[in-house]
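These notes concern the structure reproduced below.
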Amino acid sequence: LTKRYPLYQLGNPQLRIFRPNWFLTLVRPGKEQPPDTVQFRIPMEMTKYDVKNYLEKIYDVPVGAIRTRIQFGSNKKRNHLHQKVKQPDYKVAYVQLAQGQTFTFPDIFPEKELKHEEGSMEEMQEKFMEDEKQRQRLDPRRGGVTEWFGL
Amino acid sequence: MAARARLPLLFPKTLPPLQRQRPAHTEAAAAAAAAKEPAYPPVVPSLTAKSKAARQRQADERVQRIRESPVEEKISLFTRIQRKKFVVYPQTFARNADKWYQHFTKTAYIPGLPERFGPGRRTTTPVAGEESSPAGGAPAPAPAVDGAAFADIRSLKRKAFLYREQEQNVGPFVRNMVAGLTHSVGRFNPLLRLSSLDIAPRVNFYWRRGQRIIPKGHRRGRLEPTRFQIDDEPQCQIRITQQLQQFAPLEASYAADVPEVSFAPDLMPLFRRQYDNHIFTGAKLPDPACYGHTQFHLVPDRYHRDRMARRQQSDQVEVFLRANGLASLFAWTGAQAMYQGFWPHEDVRRPFVSQAVITDGQFFSFFCYQLNTVALSVETDASNPRKNLLWGTESLRLYESVQDGEVVGLDDGVVKLLVQFLMNQP
């Protein structure tokens, strides 16, 4: 449910929002962004000034410049009933930090070496496969030359 | 068949002269071979085939054609084709614009002014008796008069409408000051007597730097050079008939470092448009005053330091001034170089030098620019060690305030710098 804020006219008191019901999502940029730029997905009702105040007052983040755009969610795909399925639109904000601060999006899913525990079935299978592969490989001293020719 | 090893039965009466008498590898023989016309046309790639060699040959033909034409044709051939290009605004709201602009124009920034203008002018203590008498005598009456006139005019006019303070109050002051100072310094600087003072001239420059792969469209996957255009309108500028002396030798710029930005200019933010590619110094080509001396720029209300302070962006004030000086001077010197017939494939043989003063009425920043290279496109920049240089000061306060028609706290150092700038001559 969207609240219709009162229309502003010259002389009206400044609109103040306490305990906003908006949530920002920090996302990894699809295209490489300069180091001082942070990318957020924000609710459609928020404006640039709302985002600036939000970040400065709630999270103490010094904001330099901010630019927003609305990403249209595609309405092209069709379901099994041949009805169009709309993907929701969302607003993206590019926030440039002030005071020379930089931000890099962290690696949330680092590559992990899957090590099976000792004595388990999977570990023995892995070892067996590794041994088989080792038997198939040629002598490393041959330097990659095949066994077709020579002695 | 094997060559005949035996002499023929029928011997000719006179043997043909032996090879020894006509050696093949002397200079005379080489000259003779060169003087003789080649029997076949040169082997070159086709011009119309669908091949990389043909494209390369088309590009080379274009370059050759531009090389051989006179200056006006050179400029018109270089700026003939319209394509989408980035429009670079010297006065921009973008953050850290100076780093981006330095990358676009291959300029290194050197804080402080070159030795010619004395040690780094950062203190406000006036240096007495250091200058020769002509420069010392001239500025004393001029700013005092200007200050009083400035204060009077301000009180007479009503408050300016939205964001027109600078244009209404400071603009006329700068124009009058420049005109008056130029006239008084003209006594000591003969160059200024033959100079041309333009009011609100247009300065345009078009150049190519870097390339990108087109991501989408019928030309997807192909390389495209990134094009830039500056359309600038300084408050006023002085053009002279002779080239100013260089501040530093060409070789000194090899060691300077230019910040590299690996991101596309779109992220700055910078926007593209397509329209006529202009290259203009402020006057048309046949004008004898084709070299630049000094430009004067006004800081608009939108970028005034009070407004920036209200938005907690005081650090961006200096950045804005540097970006403004850089872009404006690069455009001006580049246009001057193009007017002399230098273009990316024929680099400048001597550095082009210009100066700029950017002011908002109270604070003055001085910039000196030396254009060492105009070869910024991909093919020509690959092995180009030269870099352009920008010297600049921080903003220096001219006066503390104006009270009751009196200027309080006038800084003579700034006035001396202004006069030194105008006195600069080859």
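The values are calculated or read from the model by the stated rules, or taken from the named source; none is laboratory data. What you see is a predicted model, and the numbers here were worked out from it, not measured in a lab. Cβ placement follows ideal geometry from the backbone for every residue including glycine, while neighbour counts extend to all protein chains displayed.
Looking only at residues in the range A:1-33 that are within 14 Å of chain B (Cβ to nearest Cβ) and in contact (Cβ under 8 Å) with a residue 24 or more places away in the chain, the one that is farthest from the chain's Cα centre (by Cα) is A:Gln33.
Looking at this structure, is B:Ala331 crowded, with 24+ Cβ neighbours inside 10 Å and of a type outside the set (S, T, N, Q)? It is true that B:Ala331 is crowded, with 24+ Cβ neighbours inside 10 Å and of a type outside the set (S, T, N, Q).
Taking the criterion of being surrounded by fewer than 14 Cβ atoms within 10 Å (Cβ to Cβ), touching a residue at least 60 places away in the same chain (Cβ under 8 Å), more than 14 Å from every other protein chain (Cβ to nearest Cβ) and more than 19 Å from the chain's Cα centre (by Cα), the residues of the range B:266-287 that qualify are B:Arg273, B:Gln274, B:Tyr275, B:Asp276. Number of residues in the range B:295-317 that are within 14 Å of another protein chain (Cβ to nearest Cβ), within 27 Å of the chain's Cα centre (by Cα) and surrounded by 16 or more Cβ atoms within 10 Å (Cβ to Cβ) equals 3.
When the range B:284-306 is filtered for residues that are closer than 28 Å to B:Ser76 by Cα and not in a loop (DSSP other than H, G, I, E, B), the ones remaining, listed by number, are B:Tyr291, B:Gly292, B:His293, B:Thr294, B:Gln295.
Total residues in the range A:63-110 satisfying the condition of being away from chain B (no Cβ under 14 Å), farther than 18 Å from A:Val27 by Cβ and among the aliphatic types (A, V, I, L, M): the figure is 2.
This table checks each residue for (1) surrounded by fewer than 20 Cβ atoms within 10 Å (Cβ to Cβ); (2) farther than 19 Å from B:Phe205 by Cβ.
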{"position": "B:Glu61", "(1), (2)": "yes, yes"}
{"position": "B:Gln64", "(1), (2)": "yes, yes"}
{"position": "B:Arg67", "(1), (2)": "yes, yes"}
{"position": "B:Glu73", "(1), (2)": "yes, no"}
{"position": "B:Val88", "(1), (2)": "no, no"}
{"position": "B:Thr92", "(1), (2)": "no, no"}
{"position": "B:Phe117", "(1), (2)": "no, yes"}
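With a requirement of 3 or more residues that are in contact with a helix residue (DSSP H, G or I) (Cβ under 9 Å, 6 or more places away or on another chain) and surrounded by 14 or more Cβ atoms within 10 Å (Cβ to Cβ), the strands (runs of 3 or more DSSP E) lying completely within the range A:1-98 that satisfy it span A:37-42, A:63-71, A:90-97. Candidates A:Lys84, A:Lys91: the one that is closer than 28 Å to B:Thr92 by Cα, of a type outside the set (Ser, Thr, Tyr), in contact with a strand residue (DSSP E or B) (Cβ under 7 Å, 6 or more places away or on another chain) and at pLDDT 95 or above is A:Lys91.
Restricting to the range B:242-263, give me the number of residues that are within 14 Å of another protein chain (Cβ to nearest Cβ) and exposed (fewer than 15 other Cβ atoms within 10 Å of the Cβ).
Total satisfying the criteria: 3.
Can you tell me which residue among A:Asp36, A:Asp60 is of a type in the set (Asp, Glu), in contact with a Lys or Arg (Cβ under 9 Å, 6 or more places away or on another chain) and within 14 Å of chain B (Cβ to nearest Cβ)?
A:Asp36
When each of B:Arg322, B:Arg386 is tested for being outside any strand (DSSP E or B) and either touching a strand residue (DSSP E or B) at 6+ places or on another chain (Cβ under 6 Å) or within 22 Å of B:Leu270 (Cα to Cα) (or both), the lone residue that passes is B:Arg322. Here the condition is being modelled with pLDDT of 95 or more, surrounded by fewer than 12 Cβ atoms within 10 Å (Cβ to Cβ) and of a type outside the set (S, T, N, Q); of B:Arg83, B:Arg57, it holds for B:Arg83 alone. Hey, among B:Arg208, B:Arg222, which residue is over 17 Å from the mean Cα position of the chain (by Cα) and basic (Lys, Arg)? The match here is B:Arg222.
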